[in-house]
Amino acid sequence: MSGGGTEAPSGGESAPTPAAVPAGGKKRDSQGPASSPVHLIIKDLGEIHSRLLDHRPIIQGETRYFVKEFEEKRGLREVRVLENLKNVIQETNEQILPKCRETMQDHLSQTLQRLQAASHLVHKLQQKEQEQRKLNNEYLLISEKQRITQWEDFMKEQHNKQAAVDEEHKKATERLKEQYVEMEKDLAKFSSF
């Protein structure tokens, strides 16, 4: 910002100026308390220059302060988060888990009882169904035997009726033959007249 001046080193030291450095390159700081007024002015100018234009020490200090505060706050925040987690875990272990365990055991025992009752009912229903199926099969077998017996009886009766009708037909045919024979004899008697 100064446009060509040298910056002062950090730590608040004044920058050496061309007037303060002799031709041999050595500083004249060893003059002691009886310094010349020019040297004091140059020293004051160096301090003013470093305060106005050299912001590195201030920035470094601010940076160190920010980092320190950030780390402390972050550390405190992390400690608070860890304490909150610890409290939540303790509460969960001491209160919520036992309640959940009790509730789960109560509900599981109720559910187990319901499942056993349902299983028992299903077993009874299966037994009833098997018994009903067995009864139906027995009824079907008995019905089939009865139908077979009825059919055989019907067929015997039909055979007997057929035999009776055939016998009656045979007798009727013989009677008719005899009647025609007699009629022919009678007709032969009348034709001889």
Residues located in the range 128-139, provided they are open to solvent by less than 100 Å² (accessible area, probe 1.4 Å) and more than 48 Å from the chain's Cα centre (by Cα): Glu138
I'm checking my understanding of the structure. Among residues of the range 21-70 that are open to solvent by 100 Å² or more (accessible area, probe 1.4 Å) and not in a helix (DSSP H, G or I), which one is modelled with the highest pLDDT? Pro33
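The values are calculated or read from the model by the stated rules, or taken from the named source; none is laboratory data. Nothing here was measured: the structure is a model prediction, and the numbers come from that model. For accessibility, only protein heavy atoms count, side chains too; no ligands or nucleic acids. Shrake-Rupley method; radii C 1.70, N 1.55, O 1.52, S 1.80 Å.
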